[in-house]
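What follows is a set of notes on a single structure, which appears directly below.
Taken together, the values in this text are just the output of simple stated rules run on the coordinates, not laboratory data. All figures in this text were calculated on a predicted structure; none of them were measured in a lab. Cβ placement follows ideal geometry from the backbone for every residue including glycine, while neighbour counts extend to all protein chains displayed.
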Amino acid sequence: MKVAVLWTGGKDSALACHKTIKSGHEVAYVATLIWSKPSLAHSLSLIKLQSEAMNIPFLWDKLEEPYFEAYREAIIEMANEYGIKGIVTGDIAYVDDFHGNWIDKVCEGTGVEVIKPLWGMEREKILHELLSYGFKVILTSVTEPWLTKDWLGRTIDSKSITEIQQLHEKKGLDMCGEFGEYHTMTIDAPFFKKIIKIPQFKKLKTEKGYILKPAEVSLEAKWSSYVK
């Protein structure tokens with residue numbers, strides 16, 4: 001099936017994309033639908049760089065309220081103009097009445113199938129799958145008091161997963177950051193053709209925590225990273 005992945009640039013949409021490719025679907029596009037107030041944790045310029053790194057065409061649109069109708073129109077347009085038969089999302093579970101089964105409701109009656117490869121998975125399993133598949137994911141936003149400034153730029157690895165598990169047990173932090181405790185960006189994945197390098201970045205204070213702002217970004221061919 002020809003599909004588009006609803007792409008935030010973070011770990012969940014990237015893992016959902018990988019699972020979709022492995023299941024045999026054709027990921028023809030990654031698509032980012034931006035609300036009137038864009039996410040500070042997922043910069044459009046970095047997402048465009050991800051598209052280049054993946055060698056998958058990028059679609060994006062800026063939406064205005066009412067968002068339900070705007071989403072629906074955008075997806076219908078993707079189906080009509082680009083032949084999209086399915087929409088892939090990195091949704092994990094029902095969060096609240098607003099975000100609950102949002103895409104399912106949006107796509108209802110459009111003829112576009114919703115694919116949710118991560119739905120119902122345990123949070124810890126999702127994080128460990130990122131490691132087992134060779135993803136490289138960094139934290140680009142943290143919310144206090146859950147996480148501190150020093151978490152920005154950290155890679156999700158065995159050590160950080162252990163610490164996240166401890167914070168989950170002590171403070172109730174959602175291990176995948178489903179309630180906004182943290183956001184991530186994927187800088188390498190099995191389906192990436194190139195690696196994103198962010199050698200320099202700034203840590204900016206926000207109302208609720210901190211965000212990472214890249215000061216230098218580049219793409220590097222995968223093979224060259226092993227030639228030193």
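Where a ≥ b ≥ c are the square roots of the eigenvalues of the C-alpha gyration tensor, would you call the range 14-160 rounded, which needs a/c under 1.5, or, failing that, prolate if a/b is larger than b/c, or oblate?
Because a/c hits 1.5 or more and a/b exceeds b/c, the range 14-160 counts as prolate.
Round to the nearest 0.05 the FRET efficiency obtained for Glu207 and Ser36 when R0 = 22 Å and r is the Cβ-Cβ distance.
About 0.80, to the nearest 0.05.
Would you mind calculating the gained length between Val217 and Ser23 on full extension (0.36 nm times residue separation, minus the Cα-Cα distance), in nm to one decimal?
Taking Val217 through Ser23 to full extension adds about 66.7 nm, to one decimal.
Between beta-carbons, use under 11 Å as the cut-off and find the net charge around Phe192, counting Lys and Arg +1, Asp and Glu -1.
+1
Taking the chain as a Gaussian network, Cα atoms linked when under 10 Å apart, which of Ser218, Ser141, Ser45 shows the biggest mean-square fluctuation?
Ser45
Looking at the range 2-226 only, what percent of DSSP beta bridges run antiparallel? Nearest 5 please.
If we restrict to bridges inside the range 2-226, about 55 percent are antiparallel.
Using 0.36 nm times the number of residues separating Thr155 and Lys197, minus their current alpha carbon distance, what extension gain do you get?
In short, 13.9 nm is gained.
Identify which of Val88, Val137, Val114 has the largest mean-square fluctuation in a Gaussian network model of the chain, with springs joining Cα atoms closer than 10 Å.
For the chain, modelled as a Gaussian network with Cα springs under 10 Å, the answer is Val114.
Cα gyration tensor of the range 70-228, axes a ≥ b ≥ c as square roots of the eigenvalues: rounded (a/c below 1.5), prolate (a/b > b/c) or oblate?
Oblate.
Quick one: 3J(HN,Hα) in Hz for the range 8-23, Karplus 6.51/-1.76/1.60 with θ = phi - 60°, rounded, Gly and Pro as x.
9, x, x, 5, 6, 5, 5, 5, 4, 4, 4, 5, 5, 4, 5, 7
Assuming a ≥ b ≥ c are the square roots of the Cα gyration tensor eigenvalues, decide whether the range 1-97 counts as rounded (a/c under 1.5), prolate (otherwise, with a/b larger than b/c) or oblate.
Because its axes are fairly even, with a/c under 1.5, the range 1-97 counts as rounded.
Per residue of the chain, what 222 nm ellipticity follows from adding -39500 (n - 2.57) for every DSSP H run with n ≥ 4, rounded to the nearest 500?
Result for the chain: -9500 deg cm²/dmol, rounded to the nearest 500.
If you count, for each residue, the other Cβ atoms within 10 Å and average over each peptide, how do 167-177, 185-195 line up from highest to lowest?
Descending mean neighbour count gives 185-195, 167-177.
Using the Cβ atoms and a cut-off under 10 Å, what net charge is assigned to the surroundings of Glu220, where Lys and Arg are +1 and Asp and Glu are -1?
Within the 10 Å Cβ shell, the charges total +2.
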